[in-house]
Amino acid sequence: MAYVKTKDTPSRTPPLNESSVLGWLKINLFDTLYSSVLTVLVLIAVFFAVKALWVWGISDGVWIANSRRECFKISIDGACWAGIFAWFDSIFYGRYPRTDLWRIDLGGILLIVWMAPLWLPRVQGKILIGLSTVALYPFLAGYLFTGGDKGIFMQIMLSAAIVCFFATTANAIIGFLGGGNLIAFILRKTGKNKAPEKQQRNMLLTILAIGFIAVFLWQRGWSLEGVTWTRWGGLFLTFVIAGIGIASALPGGILLALGRRSKLPVVRVLCTSFIELFRSVPLITVLFMATTMFPLFMPEGFVLNKLVQVIIAVCLFNACYMAETVRAGLQAIPRGQYEGAHTIGLGYWGTIGLIIMPQALKHMIPNIVGSFIGLLKDTTLVSIIGLFDVLNILRTISRDSPWLGLHQETLVFGAMLFFIICFAMSKYSRHLEVKLSTTHKN
Amino acid sequence: MAIEVSHKQTVHVRPVEKFDFFQDERVRSVFFQLLTALAVGGVAWFLISNTAQNLEKRGLSFGLGFLDVVAPFDPDFKLVSFTVGVDTYSRIFLIGILNTLYVSFLAIIGTTFFGFFLGIMRLSSNWLISRVALAYVEIVRNVPLLLQIIFWYSVIYAVLPRLKQSLDLSVGAELAFLNIRGLYVPWPVAHDMLWFSFVALAIAIVAAYFFRRWAQQRQDATGQKLPIFLPTAAIIILIPGMVFLSTGSPMTWDVPRLEGFNFVGGASLPRSFIALLFALIIYHAAYLAESVRAGVLSVSKGQSEAALGIGLRPNKVLSLVVIPQAMPAIVPPMISLWMNVVKNSSLATAIGFADLVAVYMQTSLNTAGHAVEIVGMTMAFYMTISLTISGLLNIYNKRVQLVER
């Protein structure tokens with residue numbers, strides 16, 4: 001006699017695990033009584049905070065008005081965003097002549113077009129593109145922003161920048177469409193790809209020279225109206241200072257970090273004391289030093305304007321911070337890497353440039369981007385010195401008679417602006433870190 | 001035919017060291033160092049000689065003599081007395097240093113507590129709480145501190161009541177007031193016999209220390225655990241308290257009261273001080289929270305599992321196993337964060353709080369000149385603080401390393 005079930009046992013309901021919403025809620029929000037109470041309390045607090053912000057900023061906010069008084073007439077408790085709109089151009093461009101705003105826009109677009117190939121697939125010669133941006137773009141942008149008379153040096157650099165810009169853009173387009181790099185493309189199209197190397201080189205140099213001369217002649221008949229630096233301002237000025245700071249901090253920091261780890265005692269002591277000096281004082285004291293002491297440092301009759309003084313100070317300061325970041329990255333490189341480089345016969349600069357730095361910089365990407373974010377935030381300090389960066393413009397709004405006393409709205413707007421930029425940078429650096437990581441995840 | 005075997009020893013031939021002047025490492029090392037020293041020295045000489053020339057041309061003298069000159073302005077917040085028309089720039093320097101240290105000290109204490117609190121929130125197993133903490137950290141860290149300081153300054157201005165409607169913080173007892181100008185609290189006034197109480201307090205602290213040591217030794221020897229917290233608290237409170245009462249309570253409170261258009265008496269903190277303190281704590285706590293989180297996460301999970309395995313309760317696991325191991329990872333970034341608090345307190349100058357930079361590097365420099373000396377002294381102050389703090393850090397690191405072995 002056997003007991004055989006003739007019917008299936010009904011299957012049990014699955015446990016409340018993470019696969020269901022309820023299970024997730026139970027584990028993450030209502031695990032214990034204590035946790036549940038906290039959840040409810042925090043929910044209530046978040047609800048009231050968000051609601052208050054919503055009422056102040058959105059539902060009671062005033063978007064169209066001609067003065068703060070009108071804002072008050074429409075809503076006494078709401079935010080007066082109309083002031084932001086009235087000053088919108090100034091927040092971004094400062095006191096730059098309104099008819100010449102296209103110059104700033106063009107400068108920005110050129111930078112984006114110049115740098116964009118770095119993110120495109122199949123484009124060749126990315127290192128060269130990056131270096132050319134750092135080396136030549138400043139001249140192009142510098143002339144676009146300042147205008148005025150071009151000296152002969154400026155004319156040459158400007159022409160070189162324009163030629164280089166067109167060459168890199170053409171190279172990027174050809175590469176993106178799958179045609180290799182620019183040089184191979186020209187050789188192929190002219191049928192010289194089988195010609196002797198010397199002939200190829202001569203032809204390429206000729207094309208380059210013709211392009212350069214053509215651009216040089218063209219730019220002689222063309223000039224922009226001068227705009228003094230005192231009219232620069234807003235987010236534009238913030239980006240100029242931060243951009244120069246970022247572009248110079250990394251090379252400066254690398255040199256200082258190498259100096260600090262050098263075997264030569266004189267170099268080491270000098271670099272260490274320089275780094276420690278700047279790292280132990282606040283940036284604002286360095287800025288004050290720049291504006292009060294640089295005029296004394298310079299020979300008679302040689303006057304640096306305030307913007308240049310501030311930029312020098314920001315560069316020196318940030319190079320020292322970057323040096324410590326890079327040094328931390330260098331310390332993470334095992335000794336075997338140096339020894340391996342020596343055995344294959346590389347000298348000091350070969351070891352550093354080909355073996356050590358690429359690894360160290362890759363390790364340090366989050367920290368380097370972190371320093372860049374810090375630099376961007378720190379540029380707001382120039383408002384204390386009296387430059388009209390974005391923060392100072394925002395503070396000026398509250399002194400403008402129609403918008404007298406408009407403080408919170410402008411500062412909240414500024415905070416959102418900085419948050420978007422900095423948050424995007426840090427998210428991107430995290431993405432880059434994952435993308436470039438060569439360690440095996442398991 | 002015998003095979004000739006050479007029994008000659010192998011001769012080690014030393015490679016002839018050809019001395020090539022341009023390739024020799026020592027020569028190059030000396031050469032490059034000389035070159036660097038010359039270049040740096042040249043730049044330094046250029047700057048110094050220019051400065052000397054410029055100073056001479058403008059008829060300015062170099063020296064610290066200006067410190068004895070009477071300062072023509074009155075800092076609006078000071079911890080030591082200042083009389084306009086009598087006191088000199090050296091007094092201003094002292095006031096600036098004290099103000100900077102005072103606000104930094106309070107901000108460091110606030111940052112440490114709030115930062116640990118936030119760090120623990122970040123680590124909470126409750127999803128909502130850790131997300132709220134994350135949102136806080138991300139927002140605060142991605143907005144410039146200067147903007148935040150100005151923001152809180154303006155918010156305090158908008159929220160606080162006017163002078164006549166001052167908020168009474170002591171609920172009707174009229175002891176402490178908050179209004180648009182700042183915070184007014186009672187301040188103790190010491191009388192002659194008070195120092196007895198301080199001596200008693202010092203004795204009590206020493207006694208409590210020895211009591212704890214004795215209790216620990218007893219526990220190690222016998223395994224018996226004595227209550228520690230209550231006896232310690234009793235010693236520290238009761239002994240000085242009894243001395244204080246027996247000497248006839250030699251201390252009174254100076255209570256702020258409204259006279260005319262301002263409060264007099266007591267101690268006051270200006271609005272700019274409150275805004276600065278608030279902003280510094282809010283900003284740096286977000287950074288500390290991340291350090292705390294990273295430190296706690298760096299302790300391997302096996303440690304807390306093993307601790308739970310031998311039957312410790314969750315709060316004991318945290319205080320006896322996880323925190324002690326996380327501290328070596330938390331303390332170094334925390335101390336450099338303290339340094340940042342001191343440095344960032346210099347942003348006070350944007351909202352007009354009389355810290356060292358505002359009162360000395362800005363106002364004094366504008367009234368007295370002497371840019372080189374004033375900038376040098378201010379930077380020297382910050383460098384001293386920085387060296388002190390990094391010295392503390394080195395001592396801590398050494399101790400932690402010794403314990404580890």
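The values are calculated or read from the model by the stated rules, or taken from the named source; none is laboratory data. Just so it is clear, the structure is predicted and the values come from calculations on it, not from any experiment. Using ideal geometry, Cβ is built from the backbone for each residue, glycine included, and neighbour counts are taken over all protein chains shown. Only protein heavy atoms, including side chains, enter the accessible area calculation; ligands, DNA and RNA are left aside. Shrake-Rupley method; radii C 1.70, N 1.55, O 1.52, S 1.80 Å.
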Next on the checklist: Could you go through the range A:382-405 and let me know if any residue there is modelled with pLDDT of 90 or more and touching a strand residue (DSSP E or B) at 6+ places or on another chain (Cβ under 7 Å).
Outcome noted: yes
Checklist outcome for this item: In the set B:263, B:196, B:210, the lone residue that is in a helix (DSSP H, G or I) and touching a residue at least 40 places away in the same chain (Cβ under 8 Å) is B:196
Checklist entry - Hey, residue B:203 hits all of (1) open to solvent by less than 30 Å² (accessible area, probe 1.4 Å); (2) more than 14 Å from chain A (Cβ to nearest Cβ); (3) modelled with pLDDT of 85 or more but one; which does it fall short on? => result (1)
Checklist entry - What are the residues in the range B:97-127 that are part of a helix (DSSP H, G or I) and either at the interface with chain A (Cβ under 9 Å from one of its Cβ atoms) or open to solvent by 50 Å² or more (accessible area, probe 1.4 Å) (or both), if any? => result B:98, B:101, B:102, B:105, B:106, B:109, B:113, B:114, B:117, B:120, B:123, B:127
Checklist outcome for this item: If we take the range B:267-348, then helices (runs of 4 or more DSSP H) inside it with 3 or more residues that are open to solvent by less than 20 Å² (accessible area, probe 1.4 Å) are B:271-298, B:323-344
Checklist entry - Quick one: residue A:273 ticks every box in (1) outside any loop (DSSP other than H, G, I, E, B); (2) within 13 Å of chain B (Cβ to nearest Cβ); (3) surrounded by 20 or more Cβ atoms within 10 Å (Cβ to Cβ) bar one, so which box is it? => result (3)
Checklist entry - Within the range A:162-193, how many residues are surrounded by 14 or more Cβ atoms within 10 Å (Cβ to Cβ) and of a type in the set (Ser, Thr, Tyr)? => result 2
Checklist entry - Only one of (1) hydrophobic (A, V, I, L, M, F, W, C); (2) open to solvent by less than 60 Å² (accessible area, probe 1.4 Å); (3) modelled with pLDDT of 90 or more fails for residue A:296. Which number is that? => result (3)
Checklist outcome for this item: Expected single match for within 14 Å of chain A (Cβ to nearest Cβ) and at pLDDT 85 or above among B:336, B:298, B:304 is B:336
Checklist entry - Which residues, taken from the range A:279-300, are among the hydroxyl-bearing types (Ser, Thr, Tyr) and assigned to a helix (DSSP H, G or I)? => result A:285, A:291, A:292
Checklist entry - Which one of these does residue B:174 not meet: (1) charged (D, E, K, R); (2) more than 14 Å from chain A (Cβ to nearest Cβ); (3) free of Cβ contacts under 8 Å to residues at least 40 places away in the same chain? => result (3)
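State all residues of the range A:27-73 that are among the charged types (D, E, K, R) and away from every other protein chain (no Cβ under 11 Å); if no residue qualifies, say none.
Answer for the range A:27-73, where residues must be among the charged types (D, E, K, R) and away from every other protein chain (no Cβ under 11 Å): A:51, A:60, A:68, A:69, A:70, A:73.
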Checklist entry - So which helices (runs of 4 or more DSSP H) are wholly in the range A:45-159 and hold at least 3 residues that are more than 21 Å from residue A:390 (Cα to Cα), in contact (Cβ under 8 Å) with a residue 12 or more places away in the chain and open to solvent by less than 60 Å² (accessible area, probe 1.4 Å)? => result A:101-115, A:126-146
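Does residue A:427 satisfy the criteria of being under 21 Å from residue A:275 (Cα atoms), part of a helix (DSSP H, G or I) and of a type in the set (Lys, Arg)? Outline the logic, then answer.
Working: under 21 Å from residue A:275 (Cα atoms): no; part of a helix (DSSP H, G or I): yes; of a type in the set (Lys, Arg): yes.
Spelling it out, it is not the case that residue A:427 is under 21 Å from residue A:275 (Cα atoms), part of a helix (DSSP H, G or I) and of a type in the set (Lys, Arg).
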Checklist entry - So which of B:130, B:154 is within 13 Å of chain A (Cβ to nearest Cβ), over 30 Å from residue A:22 (Cα atoms) and either free of Cβ contacts under 8 Å to residues at least 24 places away in the same chain or among the aromatic types (Phe, Trp, Tyr) (or both)? => result B:154
Checklist entry - With respect to the numbered conditions (1) touching a helix residue (DSSP H, G or I) at 6+ places or on another chain (Cβ under 6 Å); (2) open to solvent by 70 Å² or more (accessible area, probe 1.4 Å); (3) within 30 Å of residue A:228 (Cα to Cα), which one is the sole condition not fulfilled by residue A:303? => result (1)
